[in-house]
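K.L.:
Sending over a structure as structure tokens; questions will come in a sec.
The values are calculated or read from the model by the stated rules, or taken from the named source; none is laboratory data. Source: prediction; values computed, not measured. In this analysis, Cβ positions are derived from the backbone assuming ideal geometry, glycine residues included, and neighbour counts consider all displayed protein chains. Calculation scope for accessible area: heavy atoms of the full protein, side chains included, ligands and nucleic acids excluded. Shrake-Rupley method; radii C 1.70, N 1.55, O 1.52, S 1.80 Å.
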Amino acid sequence: KDTCQRLDLSGNARNCFLTGSSDSYRNFIGKGLRRLSNVPNTEVHENAHHSLGRFCFQSSQLLGEKITSLQISSVGQLPRHFPAWNIQIIRSFHTSPLFQAAPVPLFWIIVKPAQKLFAIILGRSIRNWWKALPPNKRELFKESARKNKWKILLGVSSLGVLFVVFYFTHLEETPITGRARLLVFGKEHFRELSQMEYDMWMEEFKNKMLPETDARCRVVERVIHHLSESNKDIPQISALKWVIHVVDEPGVNAFVLPNGQVFVFTGLLRAVSDIHQLSFILGHEIAHVVLEHAAEKASLVHFLDFLSLIFLTMIWAICPRDSLAVVGEWIRSKLQEFMFDRPYSRTLEAEADKVGLQLAAKACVDVRASSVFWQQMKLVETIQGQPKLPEWLSTHPSHENRAVHLDRLIPEALKIRESCNCPSLSGPDPRLIFKLNMQHLLESSKDQETPNSTERDLSKPKLDFPHT
């Protein structure tokens with residue numbers, strides 16, 4: 001087959017490395033970002049060491065063995081002249097599709113529009129019925145409601161209690177983190193839909209799949225194998241057959257379906273600086289599967305959608321005109337989106353960052369490189385002049401906040417890495433190298449300024465970035 005095949009977890013992993021002829025794959029962000037880290041190839045020892053409530057399983061293969069094209073060249077000191085970078089214009093990286101709905105049982109996909117239509121018709125019918133009542137009957141109806149207000153209140157309260165009982169009886173603990181979450185749909189509901197979603201992506205990318213012999217595909221396969229072998233004590237990882245697909249797309253993106261289908265865009269491979277950054281990103285994607293975020297999103301979203309039907313009916317019943325009802329429903333949906341849906345999505349992304357960092361640490365990855373990746377993404381956005389939107393408008397945390405969040409988690413991840421008998425990290429911290437190189441870049445840009453350009457903003461050096 002001409003696509004990346006299923007990864008064999010039996011233990012015999014093929015050596016996946018970029019050959020010397022694949023120079024076009026080596027400039028992931030360019031010459032400048034090759035100097036952002038000084039991390040040598042890490043030898044991973046085979047062991048089964050219990051620590052922090054987890055077992056560490058490492059592959060006996062070398063994580064960075066022969067993947068030199070994905071490894072940043074080591075530097076002992078800052079270069080005298082910071083070279084111009086070859087930076088490809090890329091979209092902001094999101095490790096999950098931004099607005100793609102979570103998988104749901106097929107029945108709910110069909111019924112959901114019908115439910116909203118029924119609620120609108122019901123609310124509109126109630127409004128028209130009320131308008132058609134004579135004034136004397138309206139007063140009688142109001143008087144009857146006042147006399148039976150306690151019965152009405154009891155009925156409404158009972159309905160509310162039913163929803164509360166349903167919510168708390170369907171709470172489960174999230175694997176690894178132990179966070180309480182609503183889970184209505186079981187795993188069996190997602191097997192068929194995962195296959196449907198997989199077929200959809202394969203149809204969309206059928207002409208863009210790289211063959212399994214491609215060096216980029218083999219690198220991704222090697223990283224996924226190493227991560228899965230190092231974390232095979234986690235049932236959600238060991239139970240899946242991980243299937244690798246590398247798509248020739250410029251977008252900086254990667255995602256993993258609940259059934260273990262891994263999709264990585266070549267734009268991501270050009271954006272990462274070394275094998276450690278790639279390992280963290282793929283660990284983040286595996287964490288989404290381990291934490292069952294797809295089932296959790298579907299459960300909560302559709303529970304809220306059911307509640308919103310009540311509000312939808314009330315809006316169409318109370319508003320005197322259809323136009324006002326449409327505006328009222330739009331306001332309600334936007335309030336739910338920006339006050340709950342998007343913050344909730346950012347919370348899941350932060351949780352996947354945390355667990356993904358732990359998975360990478362157990363695989364003896366240099367976890368310090370994780371925050372550098374997001375600093376690089378922020379730098380690329382600044383260079384490209386992309387508008388900086390407030391975080392509350394996004395389903396993902398901002399690049400800057402993700403880097404800060406990871407910096408807080410790195411000390412704990414380093415302890416996990418040490419407890420798994422990983423080799424000690426040598427060389428300077430890649431975060432420090434990145435910071436020093438940025439300072440050096442700014443200083444170099446100041447030195448190269450002409451007298452006529454002194455009024456230019458020094459915080460945004462004007463550099464020529466040829467496209468790769």
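K.L.:
For a quick check of your reading of the model, give me the residue pairs whose first member lies in the stretch 213-225 and is in contact (Cβ under 8 Å) with a residue 40 or more places away in the chain, whose second is open to solvent by less than 10 Å² (accessible area, probe 1.4 Å) and among the small types (Gly, Ala, Ser), with beta-carbon atoms closer than 6 Å and at least 6 apart or on different chains.
P.N.:
Ala215/Ser22; Val223/Ser279
K.L.:
Report, by residue number, each residue of the stretch 356-388 that is in a loop (DSSP other than H, G, I, E, B) and either under 16 Å from Ile410 (Cβ atoms) or open to solvent by less than 10 Å² (accessible area, probe 1.4 Å) (or both).
P.N.:
Listed by number, the residues that qualify are Ala363, Cys364, Val365, Asp366, Val367, Arg368.
K.L.:
Where residues in the stretch 156-185 are closer than 15 Å to Lys297 by Cβ and among the hydrophobic types (A, V, I, L, M, F, W, C), which of them is modelled with the lowest pLDDT?
P.N.:
Of all residues in the stretch 156-185, those closer than 15 Å to Lys297 by Cβ come to 170, 172, 174, 179, 181-185.
From the residues that got through so far, the ones that are among the hydrophobic types (A, V, I, L, M, F, W, C) too are 182-185.
Working: Leu182: 88, Leu183: 87, Val184: 83, Phe185: 76.
Within the stretch 156-185, the match that is modelled with the lowest pLDDT is Phe185.
K.L.:
Would you confirm whether or not the stretch 166-173 contains a residue that is open to solvent by less than 40 Å² (accessible area, probe 1.4 Å) and in contact (Cβ under 8 Å) with a residue 24 or more places away in the chain? Write out each step before concluding.
P.N.:
The initial filter retains those residues of the stretch 166-173 that are open to solvent by less than 40 Å² (accessible area, probe 1.4 Å), namely none.
No.
K.L.:
Between residues in the stretch 148-163 that are in contact (Cβ under 8 Å) with a residue 60 or more places away in the chain and residues that are surrounded by 10 or more Cβ atoms within 10 Å (Cβ to Cβ), which pairs lie under 8 Å by C-beta distance while being six or more apart or on different chains?
P.N.:
Once the first residue is in contact (Cβ under 8 Å) with a residue 60 or more places away in the chain and sits in the stretch 148-163, its partners that are surrounded by 10 or more Cβ atoms within 10 Å (Cβ to Cβ) give Phe163/Leu307.
K.L.:
Of Phe141, Phe185, which residue is in contact (Cβ under 8 Å) with a residue 24 or more places away in the chain and surrounded by 10 or more Cβ atoms within 10 Å (Cβ to Cβ)? Explain how you work it out, then say what you get.
P.N.:
Details: Phe141 fails: in contact (Cβ under 8 Å) with a residue 24 or more places away in the chain.
After applying the criteria, what remains is Phe185.
K.L.:
Still on this structure: Identify the residue in the stretch 424-441 that is in a helix (DSSP H, G or I) and without any contact (Cβ under 8 Å) to a residue 40 or more places away in the chain and, among all such residues, is farthest from Arg368 (Cα to Cα). Show your work before the answer.
P.N.:
Of the residues in the stretch 424-441, the ones in a helix (DSSP H, G or I) are 430-441.
From the residues that got through so far, the ones that are without any contact (Cβ under 8 Å) to a residue 40 or more places away in the chain too are 432, 435, 439.
Details: Leu432: 10, Lys435: 13, Gln439: 19 Å.
Top of the filtered list is Gln439.
K.L.:
Would it be correct to say that Arg408 is closer than 23 Å to Leu359 by Cα, in contact (Cβ under 8 Å) with a residue 40 or more places away in the chain and part of a helix (DSSP H, G or I)? Give the steps one after another, and end with the answer.
P.N.:
Working: closer than 23 Å to Leu359 by Cα: yes; in contact (Cβ under 8 Å) with a residue 40 or more places away in the chain: no; part of a helix (DSSP H, G or I): yes.
So Arg408 fails the test.
K.L.:
Identify all residues within the stretch 345-355 that are open to solvent by 10 Å² or more (accessible area, probe 1.4 Å) and within 21 Å of Ile416 (Cα to Cα); write none if there are none. Break it down stepwise before answering.
P.N.:
From the stretch 345-355, those open to solvent by 10 Å² or more (accessible area, probe 1.4 Å) are 345-347, 350-351, 354; that's our starting set.
Matches in the stretch 345-355: Ala350, Glu351, Lys354.
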